[in-house]
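Colleague: Take a look at this one; I'll ask things after.
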Amino acid sequence: MWLTESLNVITFVSFLSAPVVTILSRSHADRNVYPSAGVLFVHVLEREYFKGEFPPYPKSGDASNDPITFNTNLMGYPDRPGWLRYIQRTPHSDGVLYGSPTAEHVGKPTIIEITAYNRRTFETARHNLVINIMSTEEFPLPYQAEFYIKNMNVEEMLASEVLGDFLGAVKNVWQPERLNAINITSALDRGGRVPLPINNLKEGVYVMVGADVPFSSCLREVESPHNQLRCSQEMEPVISCDKKFRAQFHIDWCKISLVDITKVVMVHSNRPDPGTGILPEFGEYNPPSESLKGRDYFSDFLVTLAVPSAVALVLFFILGYSMCCRREGVEKRNMQTPDIQLVHHSSIQKSTKELRNMSKNREISWPLSTLPVFNPVSGEVVPPIHPDNYETTSMPLMQTQTNLQNQITIPQQRPSGWCCRRLLHYRILSALLCVNVCVRL
C-alpha cells in the first residue's frame, strides 16, 4: 500500500503519458499533460502508436518493423527546454522525454513538437505535446538524497517497474511518509566516460529522491570518518543497509549526496536586465576621420630596403677588391720565388711533357690473356693441345702460352722508348740530388 502512495505522482504522470502518445498518433490535435514542479516527469514515445501514420508494407502479412526516430523541440526553437531531456537508444526502441520542471516554469504552457521519422520510407509525422506545469504546496520536499547506480542506464531506470523497485528499497531504509523521485540524470551528462562494450558494462545513472523526514542512520553512515577514509583510499565503504539494494542496484556509496534544503542559504544575485538585444538609436554614425593623422612610411622604406642594399654593396666591393686587386701576377711571383725552386719546377714540367709524348708512340707485345686462337701472322688455326680421349675435367680455364704446342711464337721485341725512359729517370734523380745539395748549402 505504501508503494502505491509513494508512486502516486509518477503513476499519475505515466497514466497521462500513455494516452498522450496514443491520441497523438491517431489525430493531429494537441494533447495536454499536467506534471508537478519538483517531481520527475516521464513521457514515453512509443513506436507502435506512430506506425499508423506511415503506409504499411506493400506485401500483406509482413510484420512491420520500420526504424523510427524522433525529434523533439520547443515550438519556435531548435531545441528543448533546459529541464527536459530526451533519449532513444536505437531506431527500434521507444523514445523517452524526461526531466524535472522547476517552480520558474509554473503557469507557462510548454509546447513540444514531436516529429517521427520513418527511416525506411522517409516519411514524417508531427504532433504537439502541451506541458502545463502545476505547483503544489508539499513540493519540493525538504530532504533530498542523490544516489549513483552503477549497473543501470538512464532508459532502464526510467521504466516504471525499475523506478518503483528502487523507491521501494529507499523507503525501507529511510521510512518516510512521502517519497518521490525528483530527477534522473545520466552519468554521461555529469562528465562520465562511455563504458567499453564488454562484460555488459553500464553508463551509470544519478537518481535524486526527496522525503519529508530527516535522513536515516543508515544513510548517515556514509558521513562517518571511517567511511570517508575508505572513500579517499578508493575503497568501498561499509554500509549496513547496502544488502537491501545489492540484489538489483549496485550503489556507489562514496558518491551519495545528502542535502537538507532547510539549511541551505539561498544567495540572490542581482542580475542586470538583459534587455531586448537591440542597440538603442544613436543616429547616423560618423567615423572619427579628423583625429587620424597621416603616417610617413619613408623611414620604414629605408630600414626595410635601403639598409640591406647598402650592406650588400659594401660586401660586393670588398669581395671584388680581394679577388681582382690583390693578385700578384706571374712575373712578381717568379721574382719572389728562389731560383732553385723555379729550376726544380721547370724540370718536372719538362719530364711530364716528355712522358706524355712517349706514351703516344708506345709499342709493346700483346699480353697472354688477349692472344687469339689463331696465328695473327700466318692465319693458321692453333691445333688442340690434347687428343680426343683426353680428360678435360681438370683442364684449367685459362691456358698459358707455354702449354700451347705447334704454335708460332711471336717474337718479343724491346720497346723503342725504353732507353729514353731510362735516361729520363736518371735526369730526375740528378735534379733531385742537386736540389738536396743546394738546400744543405
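The values are calculated or read from the model by the stated rules, or taken from the named source; none is laboratory data. If you're wondering where the values come from, they're calculated on a predicted model, not measured in any experiment. Cβ placement follows ideal geometry from the backbone for every residue including glycine, while neighbour counts extend to all protein chains displayed. Each accessible area value is taken on the protein alone, full model and side chains, heavy atoms only, with ligands, DNA and RNA left out. Shrake-Rupley method; radii C 1.70, N 1.55, O 1.52, S 1.80 Å.
Colleague: How many of the residues making up segment 215-226 are under 27 Å from Leu141 (Cα atoms) and in a helix (DSSP H, G or I)?
Modeller: Residues flagged as under 27 Å from Leu141 (Cα atoms) and in a helix (DSSP H, G or I) within segment 215-226 amount to 7.
Colleague: Given (1) outside any loop (DSSP other than H, G, I, E, B); (2) open to solvent by 90 Å² or more (accessible area, probe 1.4 Å); (3) in contact with a helix residue (DSSP H, G or I) (Cβ under 9 Å, 6 or more places away or on another chain), identify the lone condition not met by Thr185.
Modeller: Going through the list (1) outside any loop (DSSP other than H, G, I, E, B); (2) open to solvent by 90 Å² or more (accessible area, probe 1.4 Å); (3) in contact with a helix residue (DSSP H, G or I) (Cβ under 9 Å, 6 or more places away or on another chain), Thr185 breaks only (2).
Colleague: From the list Val205, Val209, pick out the single residue that is buried (at least 18 other Cβ atoms within 10 Å of the Cβ) and over 36 Å from the mean Cα position of the chain (by Cα).
Modeller: Working: Val205 fails: over 36 Å from the mean Cα position of the chain (by Cα).
The match here is Val209.
Colleague: Same structure again: Return the pair list, or none, for Cβ contacts closer than 8 Å from residues in segment 199-222 that are within 20 Å of Ser186 (Cα to Cα) and touching a residue at least 60 places away in the same chain (Cβ under 8 Å) to residues that are part of a helix (DSSP H, G or I) and open to solvent by 30 Å² or more (accessible area, probe 1.4 Å), at least 6 apart or on different chains.
Modeller: Tyr206/Arg190
Colleague: Could we say that Tyr77 is at pLDDT 90 or above, within 27 Å of Glu137 (Cβ to Cβ) and hydroxyl-bearing (Ser, Thr, Tyr) here? Before you say what the answer is, go through the steps one by one.
Modeller: Working: at pLDDT 90 or above: yes; within 27 Å of Glu137 (Cβ to Cβ): no; hydroxyl-bearing (Ser, Thr, Tyr): yes.
Here the answer is no, as Tyr77 does not meet what is asked.
Colleague: Among the residues of segment 133-152 satisfying the criterion of being open to solvent by 30 Å² or more (accessible area, probe 1.4 Å) and part of a loop (DSSP other than H, G, I, E, B), which is farthest from Asn73 (Cα to Cα)?
Modeller: Here the answer is Pro142.
Colleague: Moving to a separate point now. Can you pull out every residue in segment 94-114 that is surrounded by 16 or more Cβ atoms within 10 Å (Cβ to Cβ) and either more than 19 Å from Met134 (Cα to Cα) or of a type in the set (A, V, I, L, M) (or both)?
Modeller: Quick first cut of segment 94-114, residues surrounded by 16 or more Cβ atoms within 10 Å (Cβ to Cβ) only: 94-101, 105, 110, 112-114.
Matches in segment 94-114: Asp94, Gly95, Val96, Leu97, Ile112, Glu113, Ile114.
Colleague: If you go through segment 153-182, how many residues are open to solvent by 30 Å² or more (accessible area, probe 1.4 Å), over 17 Å from Tyr86 (Cα atoms) and assigned to a loop (DSSP other than H, G, I, E, B)?
Modeller: So the answer is 3.
Colleague: Among the residues in segment 228-245, are any buried (at least 18 other Cβ atoms within 10 Å of the Cβ) and in contact (Cβ under 8 Å) with a residue 40 or more places away in the chain? Before the answer, list the steps.
Modeller: Here is the first cut: in segment 228-245, the ones buried (at least 18 other Cβ atoms within 10 Å of the Cβ) are 237, 239, 241, 245.
Within this subset, residues satisfying the condition of being in contact (Cβ under 8 Å) with a residue 40 or more places away in the chain are 241, 245.
Yes, segment 228-245 has at least one match.
Colleague: Now for a different question. Can you pull out every residue in segment 138-178 that is out of contact with any Gly (no Cβ under 6 Å at 6 or more places or on another chain) and over 21 Å from Ala247 (Cα atoms)? Steps first, answer last, please.
Modeller: Start the filter on segment 138-178 by keeping residues that are out of contact with any Gly (no Cβ under 6 Å at 6 or more places or on another chain), which leaves 138, 142-143, 145-149, 151-178.
Glu138, Pro142, Tyr143, Pro176, Glu177, Arg178 - these are the residues of segment 138-178 that are out of contact with any Gly (no Cβ under 6 Å at 6 or more places or on another chain) and over 21 Å from Ala247 (Cα atoms).
Colleague: Of the conditions (1) outside any strand (DSSP E or B); (2) in contact (Cβ under 8 Å) with a residue 24 or more places away in the chain, Leu97 fails just one. Which one is it?
Modeller: The one condition Leu97 does not meet is (1).
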